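Bear in mind these aren't lab numbers, they're just calculated from the coordinates by the rules spelled out. Bear in mind that the values here come from a model prediction, so they are computed numbers and not experimental data. Glycine gets a Cβ as well: all are built from the backbone with ideal geometry, and neighbour counts include every protein chain shown.
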Amino acid sequence: MADNVTSLFRSTAAHSPSMAALTREGGEGAGPVDFCIPCNPYFPTPAMFDDMSARLRDIITYYPSSADTITAELCSLLQLPPQCVAMGNGSTELITWIDHLLVRESLAIPVPTFGRWTDQPMETGKRVDMFPLQESSGFALDLAQYAEFIRARGTRVAVICNPNNPDGGFLHKHAIVQFMDAMADLDLVVIDESFLEFADAEAEPSVVQEAMLRPNVIVLRSLGKNFGLHGIRFGYLVANPALAGRVRSMLPKWNLNSFAEHVVFMLKEHGAEYAQSLQQVRRDRLDMASQLSSLPGLTVYPSQGNFLFVRLPVGAEGTVVRDRMLTEHRILVRECGNKIGSSSRFLRLVVRPQVDVRRLVSGLEQVLYGTSRRGAAVPELGNGTSYSSGTAAVDRLVSETNGSGMRGLAAQATGGGAPGPAVAPAAAGTGMPLPAAASAVPAGAVPAGRAAGCRCRRRRRSGRVDRPGRVCTSGRWGSSRCLSPSHSLCPSPSHSLSRSLCPSLRLSRRPSPWPRRRRHWPLWHRHRLRSRHLHRLPCRPPPGPRRRGFPRGVG
């Protein structure tokens, strides 16, 4: 069974296998306790299931109503104008149509996040600019830095997930509204609120009303996650009538099934039960976080979703924990090693009732520490504990550059303090706070990357001591990853994915516009060199004054 289960996880890429597939592989008996799929365990109520069972024959026999009829009923419950709403067969269908219709060249997204926001644009040939969330800040999204990242990359579409999946990070409404105003010149801004119903940090956190007034904003909502009915596949988006109508015109005639129609028309009779289920999930989230935090070495990050993002103790392998929890304890957890921007040390655990949480905690104790090792000390990285994970390089990169248990490692090697990102106050008349300017390195100082023992195999030798070596993850200029926190990535604009994935990227322009190799030079400069018969100029121009856009020593 273990081999079959492992093959199932490998075959599903960035997502988890379906519960039906796991149940088939598990043989006879009930399926595993599901801590993987984020849903509402308290809704629908048993009475609602009984009603659907009684009408099952009619539901699956006849055609559903048109999407316009179902959308009108949903809008009457949500008090939204129908012309501003488009319903889809799950939020994934809407993401697909947003990509096909509204994303022309590039899309920016903080990572880690929901896999379809990265996979879908890449499948259609778009450039995906990934903004890395820092573990040292609890994976919180800094909107000021994200806005500057978008400007530096020239991205035309920006996406924010609130709360974010898988870490549950939350952004307040006023901050998102400021971000939307600052990005008013973009082609599109998407706010994914699929898990916002479970948030309690703010009374009215949604920006749906603000989105309808703006020409380039779409808010995405999920019904399956909120209602605990992932199998029905229904979600909706809210935008101004022009945007919503453009998406709605491309959807199939019967893209919503009869189960979705039946549930939508049942909601007006069960609104009170739905509100109570959300309150219970929020209470269970606090209790579950408290119990998991008591496990030695396990880090639980703050979450406003119906799930918790946890980091395993040093030396623990997420895939091994996942497989053992399933085969030995019949508990399904979400290992996040296949999410971009995450590693195998992280798990996403769905909020469930207390009886299931006690079973989860007991299973984790046995898998991580052994039955009698509840109070055992967790080995540290410096004590010789090696990583067994296939993502060990990513684990070391996260630990050495972002802190989080290893905070200040590079700074200790240089004898200095651990630097942190600084954000300047908002400028007058702007919608977004502006990031503070990067501090200059004094002349003659040794860069932190060199003193900390950079692992680059090749450096740029331009004579400037305040510029760290550059590393290209494509393998052209150095090792596969640079572990020095002061290093950026290859300045070539063609390596957008590599630049986006670097957790140490500081969102600044490259120090020198002339890379070491001539093939990385801009095309206009190469043509100019050929026209002046200077094609034999060495790749590193000699020092000299710059004139009229030429590199030093030319012109």
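Numbers for the structure displayed
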read-out	value
Residues whose placed amide H lies under 5 Å from that of R233, excluding near-sequence neighbours	none
Gain upon complete extension [L286, A184; 0.36 nm per residue less C-alpha separation]	33.0 nm
Local electrostatic count at D181 - Lys and Arg +1, Asp and Glu -1, tallied over other residues with Cβ under 11 Å	-1
Cα-based Kirkwood hydrodynamic radius, the stretch 47-269, one decimal, Å	18.1
Mean separation of Cα contacts under 8 Å (6+ apart) over length of the stretch 47-269, as relative contact order %	28
Local electrostatic count, R156, Cβ distance below 11 Å [Lys/Arg +1, Asp/Glu -1]	0
Protection-proxy order for peptides 196-207, 88-99, each taking the mean of Cβ atoms within 10 Å per residue, highest first	88-99, 196-207
Spin-label pair E328/D50, simplified geometry with 7 Å Cα→Cβ offset, distance in nm	4.2
Calculated from backbone phi, Karplus (6.51, -1.76, 1.60) coupling profile of the stretch 92-102 in Hz, x at Gly/Pro	5, 5, 5, 4, 4, 6, 4, 5, 5, 9, 10
E123-L101 pseudo-label distance in nm [points 7 Å out on the Cα-to-Cβ vector]	1.8
